[in-house]
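Worksheet for the structure shown next.
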Amino acid sequence: PQKFTVPRFLAAKEKNQKITMLTAYDYLSAKILDDAGLDCLLVGDTLGMVVQGKSTTLPVTVDEMIYHGEMVCRAVQRALVIVDMPFMSFHISPAQALENAGRILKETGADAVKLEGGVNQAKTIEAIAAADIPVMAHLGLKPQSVRAIGSMGKIQRDEDQLIADALAAERAGAFGILLEMITAPIARKITETVTVPTIGIGSGSGCDGQVLVTPDMLGMNAEFHPRFLKKYANFAADMKTAVQAYASEVREGTFPDASHSHS
Ligand code: KIV
Ligand code: NA
C-alpha cells in the first residue's frame, strides 16, 4: 500500500478528498485500522482516559506517548501516524518542545506530532516545523487546559480568536489543524480560510477530515454518548456476551471439547 504522507495529506484538501482519522493506542488495533484503509492514525493523549482510566489527559507523559506510539507504528504500513505532545512537554520553551517532538519521532517512527494551541504556541510550532518535523495544531476544546477553563464544557468558541489561532498555526508552519467541539459554521469558515487541511471532532461536516476516539466509536464505553459521537458498533455489549459465554462453558465443562484439545 502506498504510504499516506504529509504531502498526500496536504493534496487531499486541493482534491476535495475527505481525510479519515481515528485514534490508536496498541499494535493489534492499529493493524486493523491500517488494514481498513484509514488515512491517519492519531496516538492521542486521550490514552490517559481510554487506556489508563484517568479522569483527564494531564498526567500523560512523553515516555507513555512513546510507548504507545511505538506499538502503533510497528503495526502500520500505510496510514500517517500522528502522536500527541502531552501536557507540559512543549510549554516551557520552543527548545523543550523541539527536543520532545524529536524524541517522539525518533523513538516511535511516527510521521508527525500534534499540540494544543494556536497564537499562544506559534513560536513553538515554528521551532518544530523548522526541524522538518510535521506538526498539527489542536484548537477549540483543548483538554489540557481543563484546570484553567474549569470544565470541559467551557469551550473556546470566539470566532475571531479561533480564526486568528488557525491563521497563526498555519503561518508558523502547521501542516494541519484539528478542530474539537467548534460550532459547524465557524469550523467551516476556518476550513475555507486556511490552506492546510482541518480535521474535525464534534465540529460538523465542513472540515476537510474527521476524527473520533476509536474506543468511543466502537461503543466500548457504554456510559459515554455525547451528541457528536456516532457509535458504529457495540463492543462493550459484544465483549461481555463473549466473555460470559466462555465463562459458562468453562463452568459447565463444555469448553474445551475434543476439537479444541490435543490427543
Ligand atoms: O487525544 C486525542 O485523542 C485527541 C482527539 C480527541 C482529537 O486529541
Ligand atoms: Na489529544
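Worth a mention:
- The set of residues in the range 39-79 that are closer than 19 Å to T20 by Cα, free of Cβ contacts under 8 Å to residues at least 60 places away in the same chain and within 14 Å of ligand 1 (Cβ to nearest atom) comprises L41, G69, V72.
- The listed residue being modelled with pLDDT of 95 or more and within 16 Å of ligand 2 (Cβ to nearest atom), out of E192, E180: E180
- Within the range 226-236, if we keep just the residues that are within 22 Å of L139 (Cα to Cα) and not hydrophobic (A, V, I, L, M, F, W, C), the residue that is nearest to ligand 2 (Cβ to nearest atom) turns out to be P226.
- In this structure, I182 qualifies as of a type in the set (V, I, T), within 24 Å of F87 (Cα to Cα) and within 16 Å of ligand 1 (Cβ to nearest atom).
- Taking each residue of the range 206-219 that is of a type in the set (A, V, I, L, M) and looking for partners that are surrounded by fewer than 21 Cβ atoms within 10 Å (Cβ to Cβ) and part of a loop (DSSP other than H, G, I, E, B) with beta-carbon atoms closer than 6 Å, six or more apart or interchain, yields V213/T46; M217/Y232; L218/A233.
- Residues of the range 152-187 satisfying the condition of being buried (at least 19 other Cβ atoms within 10 Å of the Cβ) and among the charged types (D, E, K, R): D165, E170, E180
- If you go through the range 1-38 and pick out every residue that is of a type outside the set (D, E, K, R), more than 14 Å from ligand 1 (Cβ to nearest atom) and farther than 20 Å from V113 by Cβ, you end up with 10.
- Inspection of the range 91-104 identifies no residue that is within 30 Å of F224 (Cα to Cα) and touching a residue at least 24 places away in the same chain (Cβ under 8 Å).
- Of the residues examined, L139 is one that is of a type outside the set (D, E) and under 19 Å from the mean Cα position of the chain (by Cα).
Results for (1) within 30 Å of R74 (Cβ to Cβ); (2) in the same structural domain as T56 (by TED's automatic domain parsing); (3) within 15 Å of ligand 2 (Cβ to nearest atom), shown as yes or no for each residue.
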| site | (1), (2), (3) |
| --- | --- |
| N120 | no, yes, no |
| K123 | no, yes, no |
| A137 | yes, yes, yes |
| S145 | no, yes, yes |
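- Residues of the range 193-205 that turn out to be surrounded by fewer than 18 Cβ atoms within 10 Å (Cβ to Cβ) and free of Cβ contacts under 8 Å to residues at least 24 places away in the same chain, as a count: 2
- Subset of the range 81-95 [crowded, with 24+ Cβ neighbours inside 10 Å and more than 15 Å from ligand 1 (Cβ to nearest atom)]: none
The values are calculated or read from the model by the stated rules, or taken from the named source; none is laboratory data. Worth saying up front: this structure is predicted, and the values here are computed from it rather than measured. Cβ coordinates were reconstructed from backbone atoms using ideal geometry, including for glycine residues, and neighbour counts include every protein chain displayed.
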